[in-house]
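K.L.:
Here it is, the structure in full.
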Amino acid sequence: MMELLHYNFEPLRQDGEFILYRGLPQSQTGESLSSTLALSPVMERPAPGSLRKIEHEFSLKEDLDPAWAVRPLALTQDQGRTMLLLEDPGGEPLDQLLKEPMELQQLLRIAIGLAAALNQLHRRGLIHKDLKPSNVLVNAATGQVWLMGFAIALRLPRERQPLEPPELIAGTLAYMAPEQTGRMNRSIDSRTDLYALGVTLYEMLTGVLPFTAADPMEVVHCHIARPPVPPAERRKGIPAAVSAIIMKLLAKAAEERYQTAAGLERDVAEHLEGAGLERLRGQLFRHLAARDPREVRDDAVDDRIFHRMPLTLSLSPFERGEGTLLPHLSLTPRAGRGPG
C-alpha cells in the first residue's frame, strides 16, 4: 500500500461533492516515487451515495487503459476519510484551460484525443454519463487527453433514466443530453456521451456554454427543446465545418448525432489535416514570392510544389450510420495540364 505520508497533496480541482488532489513525492524520502492523484469527498462525513460512487469508480479499474483514462490504484483511508488513489498521467484539468476561447488548432487536437478516448471507452461497453471539462486531463503541449470521473459510469449499453427533480439527476446538468434528463421516453447509450462532448467542444470554442439559466428546470427545457446558437455565430472566424460538427453533436435526437465517437474522430482529423495543408500552401506561396515575386501566380504553389495537382474539395456522401459532414481533401489534376 502506498504510504501517503511520503506525499505533499495539493488540490487540483473541486466540485460540490469531491476534491481531486495531486500528490507529489517529498524530496527527502530518498525513494523513487511517482506522483499520484487522490479523490476524496468534500464532506468529512460523506453521504453513503458519495462513498458508493468512489467504490464504483474503483471497480472499473480493469476496464480502463492508462493510454486514455486515469486508472484507479487503490481505495484507502487517510485520517478516517475514504480516498481513491489514481495514477497520475500528468496534464491539467481541461476546465482550467478555458479562461478564454481556445485557439482552433489546439481545440482540434484535443477534440481528436477526446473522441479517440470515448471510442475506446464505448468499445469496452462503458458509458461515462458525466463527461465535462473538469473530468478530462489534458497535456496542453501535445493535445493528449485522459478521461476521469467515472463515478456514475455504466457497464450496460442502455439505461432508461427515471424521472427525478433536476437537482437529483446523476450527472452535470449543463452537459446533460436530453435523454439523460428523464423527460424523454428514450434510453441512455453511448450517444449520450457524444452530446456531452458537443457541449464541451462548444464551450472550448466559444468560451460559453450553449445554454445557461438560473433555474435548473429551464436548463432541462433548453436541452430538450431549444436549439443552441451555432458556434460560428458566437465567434468570428470559426470554420463552418467545425461549427457544423458541434451542432451535429448537439442534436436533440440521438439518431441525428454522430453514431460513434470513431466517426467524429475521423471528421475532426480530416479537418485538422486540411487546415494544415492550407497553412503549408500559404507558407510555400510566401516563400516563392520572396524568391521571385514576378513568377508568383495564384496557381504557382500548386504547379511547382504539388506537381500541378492542386488541392480541391469534394463533398463525400454521408456514411451509413455516421453522417460525416466534412468535405474530403483530394488531389485532382487541373484540366488540360499534367505534371512537369
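K.L.:
Taking the condition of being charged (D, E, K, R) and out of contact with any Lys or Arg (no Cβ under 7 Å at 6 or more places or on another chain), how many residues in the range 171-207 meet it?
P.N.:
Residues meeting the conditions: 4.
K.L.:
Could you figure out which of (1) closer than 17 Å to Leu249 by Cα; (2) surrounded by fewer than 24 Cβ atoms within 10 Å (Cβ to Cβ); (3) out of contact with any His (no Cβ under 6 Å at 6 or more places or on another chain) isn't true of Asn185?
P.N.:
That leaves (1) as the condition not met.
Residues checked against (1) hydroxyl-bearing (Ser, Thr, Tyr); (2) at pLDDT 95 or above; (3) crowded, with 20+ Cβ neighbours inside 10 Å; (4) in contact with a Cys (Cβ under 7 Å, 6 or more places away or on another chain):
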residue	(1), (2), (3), (4)
Ala117	no, yes, yes, no
Gln120	no, yes, no, no
Val138	no, yes, yes, no
Arg158	no, no, no, no
Pro178	no, no, yes, no
Thr200	yes, yes, yes, no
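K.L.:
All but one of (1) crowded, with 19+ Cβ neighbours inside 10 Å; (2) acidic (Asp, Glu); (3) in the same structural domain as Ala262 (by TED's automatic domain parsing) hold for Glu100, so report the exception by its number.
P.N.:
Among (1) crowded, with 19+ Cβ neighbours inside 10 Å; (2) acidic (Asp, Glu); (3) in the same structural domain as Ala262 (by TED's automatic domain parsing), Glu100 violates only (1).
K.L.:
Name the pairs whose Cβ atoms lie under 6 Å apart, with the first residue in the range 63-76 and in contact (Cβ under 8 Å) with a residue 12 or more places away in the chain and hydrophobic (A, V, I, L, M, F, W, C), the second surrounded by 14 or more Cβ atoms within 10 Å (Cβ to Cβ) and part of a loop (DSSP other than H, G, I, E, B), and 6 or more positions between them or separate chains?
P.N.:
Leu64/Arg71; Val70/Met148
K.L.:
Continuing with the same structure: If we keep just the residues of the range 59-116 that are among the β-branched types (Val, Ile, Thr) and not in a strand (DSSP E or B), which is nearest to Thr260 (Cα to Cα)?
P.N.:
Ile112
K.L.:
Starting from residues that are at pLDDT below 95 and in a loop (DSSP other than H, G, I, E, B), keep the ones in the range 230-250 and report whichever is surrounded by the most Cβ atoms within 10 Å (Cβ to Cβ).
P.N.:
Ile238
K.L.:
Further question on the same structure: Which of (1) on the phi > 0 side of the Ramachandran plot; (2) crowded, with 18+ Cβ neighbours inside 10 Å is the odd one out, the single condition Tyr21 does not satisfy?
P.N.:
Checking Tyr21 against (1) on the phi > 0 side of the Ramachandran plot; (2) crowded, with 18+ Cβ neighbours inside 10 Å, the one that fails is (1).
The values are calculated or read from the model by the stated rules, or taken from the named source; none is laboratory data. These numbers were taken from a predicted model, which means no experiment stands behind them. Note: ideal-geometry Cβ built from the backbone for every residue, glycine included; neighbour counts use all protein chains shown.
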